[in-house]
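Engineer: Here you go, one structure.
The values are calculated or read from the model by the stated rules, or taken from the named source; none is laboratory data. None of these values were measured; they are calculated from a predicted model. Note that each Cβ is placed from the backbone with ideal geometry, even for glycine, and that neighbours are counted across all protein chains shown.
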Amino acid sequence: MMARAGLDKDPRDIAVMFDGVAKGYDRTNTVMTMGFDRRWRETTRQVLDASPGEKVLDLAAGTAVSTVEYARSGAWCVAADFSLEMLRGGADRGVPRVAADAFHLPFATDAFDAVTVSFGLRNMNDTVAALAEMRRVVRPGGRLVICEVSQPPLRPLRWLYRNTVLRGLPLITKPFSSNSEAYAYLAESMRDWHNQRTVAELIAKAGWREVEWLNLTFGVVALHRATNPD
Ligand SMILES: C[S@@+](CC[C@H](N)C(=O)[O-])C[C@H]1O[C@@H](n2cnc3c(N)ncnc32)[C@H](O)[C@@H]1O
């Protein structure tokens with residue numbers, strides 16, 4: 001029986017599940033997103049707006065494919081994740097990689113200028129606690145950028161997306177993935193995740209300010225940006 005996490009998102013199950021999909025993850029991700037993943041990473045880098053001399057934490061970085069993209073800005077970017085197999089998958093990416101649990105980050109208070117999470121937040125069972133821990137490691141005035149699946153605001157499009165694309169995903173990814181059960185969970189977690197406004201509210205609840213969002217690809221994905229007030 002292949003590992004898949006439940007929608008209660010027990011951190012141990014999530015880590016084991018990602019260990020199980022690490023092999024071939026990047027390729028399956030590109031298939032699953034029909035190649036849009038690359039464009040979403042580029043836009044995340046632009047919104048992150050990091051500059052040389054800054055320190056950026058890419059949390060839930062998986063194989064560090066996103067970290068490499070953000071490092072193009074000239075900032076020092078570190079990939080952190082609690083799946084060692086995902087981190088191993090990024091061994092030749094030339095960025096620092098750290099084993100870390102989002103709820104207990106092994107970094108000093110105010111250590112970073114910015115923190116970013118792409119497609120990882122919805123796997124964290126206590127969203128506000130994770131966002132508050134991210135705020136702890138970001139200096140006052142520093143930034144948060146979250147890239148996550150979302151809900152197209154246009155109702156007919158939302159219906160189509162949820163009932164065709166998301167339902168079909170496990171079938172589409174089956175031939176490419178090392179664990180089709182895990183992709184069933186990932187599709188369910190996408191259907192289950194909040195809309196843009198609710199994510200903004202959770203970010204504010206964790207103490208971040210100036211929260212705003214940008215829809216990408218008709219709102220299938222959203223980028224949330226916020227600032228640490230203190
Ligand atoms: C869907 S992958 C995204 C990887 C990468 N950010 C990307 O955009 O391709 C989600 C990642 O979140 C990580 N993750 C989930 N919960 C975590 C936690 N509590 N602490 C650290 N990493 C976590 C998983 O191990 C996995 O590598």
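Engineer: Among the candidates ASP37, ASP8, ASP13, ASP58, single out the residue that is acidic (Asp, Glu), closer than 22 Å to ALA100 by Cα and within 8 Å of the ligand (Cβ to nearest atom).
Structural biologist: ASP58
Engineer: Looking at the structure I just gave you, is ALA75 within 18 Å of the chain's Cα centre (by Cα) and touching a residue at least 12 places away in the same chain (Cβ under 8 Å)?
Structural biologist: In short, no.
Engineer: Among all residue pairs at least 6 apart or on different chains, which show Cβ distances below 7 Å where the first residue, located in the range 18-29, is at pLDDT below 90 and more than 8 Å from the ligand (Cβ to nearest atom) and the second is part of a helix (DSSP H, G or I) and of a type in the set (Val, Ile, Thr)?
Structural biologist: THR28/THR173
Engineer: Considering only residues that are touching an Asp or Glu at 6+ places or on another chain (Cβ under 9 Å), under 27 Å from ARG139 (Cβ atoms) and not basic (Lys, Arg), which ones fall in the range 195-227?
Structural biologist: The answer is VAL199, ALA200, ALA206, GLY207, VAL211, ALA222, LEU223, HIS224, ALA226, THR227.
Engineer: Let me ask another. Taking the range 91-108, which residues are closer than 21 Å to GLU54 by Cβ, more than 9 Å from the ligand (Cβ to nearest atom) and either part of a helix (DSSP H, G or I) or touching a strand residue (DSSP E or B) at 6+ places or on another chain (Cβ under 9 Å) (or both)?
Structural biologist: ARG93, VAL95, PRO96, ARG97, VAL98, PRO106, PHE107
Engineer: Can you confirm whether the range 142-154 contains a residue that is without any contact (Cβ under 8 Å) to a residue 24 or more places away in the chain and of a type in the set (A, V, I, L, M, F, W, C)?
Structural biologist: Checked the range 142-154: no residue is without any contact (Cβ under 8 Å) to a residue 24 or more places away in the chain and of a type in the set (A, V, I, L, M, F, W, C).
Engineer: Additional query: Quick one: how many residues across the range 78-90 are without any contact (Cβ under 8 Å) to a residue 40 or more places away in the chain and assigned to a loop (DSSP other than H, G, I, E, B)?
Structural biologist: Going through the range 78-90 one residue at a time, the tally reaches 1.
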